[in-house]
Every structure is written in structure tokens, then in C-alpha cells.
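The structure appears right after this line, and notes come after that.
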Amino acid sequence: MFGIQEKIEKQLQIQLEPSEFLLKIIRNKLADLGVRLNRLQLKTLRCQLKETNPAITFDLTDLQVARAKIKSRSELEKAVELVLSEIFSEAFQKIDKIKDRLPDIMLNLAEHAGEFFFRQIRRTYRYGLNNRREHQAFFEKDILSIWGRAITQLEVLLILSIESIGYIDKMFHAEKTVYSETKWIVLNRLHGRACQITGEIICLLKSGYADGAEARWRSLHELSVVSAFIFDHDDYVADQYVQHHIIEEYKEILQQQSCYPELNEDIEFCGYKSEVERKRVELIEKYGKHFGEDYGWAFPVLGGKKPSFRQIEEYVNLSSVRYAYRKASHNIHAGVRGTFLRLGLHPQSQSEIILAGASDYGLEKPGSCAAASLLLSTVTLLHGVELIDAAVFMKIIAKQAEITRKEFRRAHRSMAQSNLY
């Protein structure tokens, strides 16, 4: 981008080229004696210095002797001979000094160059930013020409999901459901998060970020699984799910304290920690030691030493999605699989291209999975609503989800058949 390193290396090569470096020292030393070398003398010296074992000699002119600080020719010639005899040892000393100072010189240069180029970028960044935005806008139009119908159907599914639950909640709240107030609130909030994440996935799909969309689907899948698990059980599971926030809050406090030791001296923070710790102890005494684990709220159903999300997934018969969930996890963590295998790249391009931006490949999987998970989250909540409206909503949403998945598969096949990949 800047080529600073190349320019520096070129200048160092020129300045530290042996013959030129020695010639520069000779000129400076002789200038101290008042002797200014003429062009012929410089040419002669340059040729001599390029030889393997140079013999450095030249004749002083009368004019140089007259202008020199030492007026005696013989004395001046002796001084010149002394300079020439010491030239190599002095050159080595200068090179050693340069080597010692070079790291500081380079650091100082980098700092000043950084300041200079930063000011340049600040003056001109809008031009580059506008170009990038124009390119992205053009690229997004291209994506919509391929995936537009599928993404539109996913948006319709999202709207139907929001409107259906919004209607039930506004008109009846938990009154016409089999849920307690707490269970309705928990499932409704989980559904709200599911809708929000689906909206994020739609934005990522429109912009060509398949890997990011898949990563968000992973969270959407977790929400739908937890919703199904809470739906399947009595109110005590929902109650413990809500109360478990104290356990998670206490773990966050300990992590915060570890990162910021000065909080140990903060009276307000210590009081806050003590209060949360008191509540945590009360909950563990009430529900048992297992409640202090990450999924401790699910222990009454799952049992075991340490409940896990995988167990919850298996319990609601969604372990068939484990493979897709596992692959989506690569886009969350810094593992080697996620680094070298990108969903947004065609398999044949994985080793040739480093994907650092958007792509029109790989949108089918996160789009289809998002439709399935949003369907599950919405239908789970509607299942407990004792209204014909809920049954109608479930039918509509299920059909819309199937249309959405078909459109994503169609777009994927269309690209493959037209060799767009």
C-alpha cells in the first residue's frame, strides 16, 4: 500500500554500497582539510574503490593545495595519505554505529511515516469509502438477482412469526394459553430473540456473508432448542430458567473482578457482589449444588453430574441437527476448520482464495436452517395457545417455511447449473 520498506531498502542499498559509502567518507574527511575533490578525482576514486583490493591514490592540484587549510604541499599530502590509510577502519566503525542505531532509526521513521500517512488517509478516506460502498451496493444487487426470491420468502416468514405472536400477546397475553405467566414470558422472550437473530441473518445474507449468517443461525438453533425443552415441561423448569440468571450474573462478576483487580477496593462493587452471592447461595441451597452449573436449570429433567446443551438437544429430538450445529461452531471459534474452510467459498477455491469479504456462494444452508429454526421457535409458542387463530397461524407459517427452504434450494441449484460457481 505504501511501499515504505521497499523504498528504505533501496536507499540503504544506495547509501551503504561499499564504494559509494567509502567515497562519501573520503570526501567528508578531505573537506575537513579544506580539499574539495573535482570530478576527475571522484571518478578515479570511484573506479579504484570498486576494485577487489583497491589502491587509493590521486594527485592534488595546485588550486586544491592553495585552498587547503594546510598550506605546505608535503604536509597536506601526508595528511591525505593518513586519511586514506585509515579509511577502511573508520568505515567499519561507522557501519557498526549505523547497525546499532538502525532499530531506533527505523522505529522513529515508522512513527513519523505513520503520522504522515494517517493524515493523508484522513484527508482522502471518503473517496475510498465511497468506492467500497458503491462496489458493495452493486454486489448486493447481484446477490439479490440470484438469491432475492429466497431471501424475500425468509423475510415474509419473519414477518408472519412476529405478527402471529404479537397478535396473541396483544389480544390475550397468557389468558388463552396452557402456560403460566412465567412460562409465557420466557417463551415469548426466547421467540423475540429468535426473530431478532433471523433479522440479522437476513441482513447478512443480503450482503453476501454466508459464514456470518451461519454463525448467527447457531444461536438461533440454541434458542429454538431451549424453547422446545421449556415447552415440554412443567412450570418449574421455566421458573428455574429465570432464576438461573443469578448464577450467570455471579460468574460474570467473578470474571469482571479478575480482569479489573481495582474493583476489590470499590465499596459499591463489593456490596453488589455480596448481594448477588447471597442470592446464589440461597438458590443452590434450594435447588441443589447442580444448580450452579451452566445448564443447572435443566437438571430436574436431565439429571447427571453436569447438564449440557447437547443433552437438551437430544431430549427434544433435535440431535439430527448436531452435525450442522457443529459445523456452524467453526464460524464462532478460532479453530483451524473455520480458518481454512469457509462456507462462502466454493470447495475447489478453499486453498486458492482467502475470503476477506462478501461472496455470493453458500447462502443456501444458513437460509434454510434459519427458516427451520424460526418455524420451530414460533410453532413451539403457538402450540400452547388454545385458539383457532393459533392453529391457523401454525399452518400458514409451516407452509411459508417450506416455501422458503424450497426457494433457497432452487437458487443453489440454479447457480450450480449455470456455472456461476
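The values are calculated or read from the model by the stated rules, or taken from the named source; none is laboratory data. Since the model is a prediction, treat every value here as computed from it, not as a measurement. Because the Cβ atoms are built from the backbone with ideal geometry, glycine has one as well, and the counts that use them run over all protein chains shown.
If a residue must be of a type outside the set (A, V, I, L, M, F, W, C) and in contact with a Gly (Cβ under 8 Å, 6 or more places away or on another chain), how many such residues does the stretch 119-177 contain? Qualifying residue count, the stretch 119-177: 2. Every listed requirement among (1) in a helix (DSSP H, G or I); (2) free of Cβ contacts under 8 Å to residues at least 60 places away in the same chain; (3) not aromatic (Phe, Trp, Tyr) is met by Asp294 save one, (1). Go through Ile14, Ile56 for me and flag whichever is under 55 Å from the mean Cα position of the chain (by Cα), at pLDDT below 80 and either part of a loop (DSSP other than H, G, I, E, B) or exposed (fewer than 11 other Cβ atoms within 10 Å of the Cβ) (or both). Within the list Ile14, Ile56, the selection yields Ile14. Here is a check on your reading of the model: is Ala328 assigned by TED's automatic domain parsing to the domain that holds Ala213 and surrounded by fewer than 15 Cβ atoms within 10 Å (Cβ to Cβ)? Judged against the criteria, Ala328 is not a match. Of all residues assigned to the stretch 160-171, none qualifies as being assigned by TED's automatic domain parsing to the domain that holds Gly357, surrounded by 15 or more Cβ atoms within 10 Å (Cβ to Cβ), touching a strand residue (DSSP E or B) at 6+ places or on another chain (Cβ under 8 Å) and outside any helix (DSSP H, G or I). Here Phe231, Phe269 are screened, and the one residue that is within 23 Å of His191 (Cβ to Cβ), surrounded by 15 or more Cβ atoms within 10 Å (Cβ to Cβ) and of a type outside the set (Val, Ile, Thr) is Phe231.
Of all residues in the stretch 236-257, those satisfying the criterion of being touching an Asp or Glu at 6+ places or on another chain (Cβ under 9 Å) and farther than 14 Å from Tyr295 by Cα are Tyr250, Ile253. Among the residues making up the stretch 59-74, those that are surrounded by fewer than 12 Cβ atoms within 10 Å (Cβ to Cβ) and without any contact (Cβ under 8 Å) to a residue 24 or more places away in the chain are Asp59, Asp62, Leu63, Ala66, Lys71, Ser72, Ser74.
Taking into account only those residues within the stretch 172-194 that are charged (D, E, K, R) and not in a helix (DSSP H, G or I), which is surrounded by the fewest Cβ atoms within 10 Å (Cβ to Cβ)? Here the answer is Glu175.
Can you tell me which residue in the stretch 365-415 is nearest to the chain's Cα centre (by Cα), limited to those that are in a helix (DSSP H, G or I) and acidic (Asp, Glu)? By that ranking, first place goes to Glu407.
In the set (1) crowded, with 18+ Cβ neighbours inside 10 Å; (2) under 30 Å from Ala228 (Cβ atoms), Ile143 fails one condition alone, (2).
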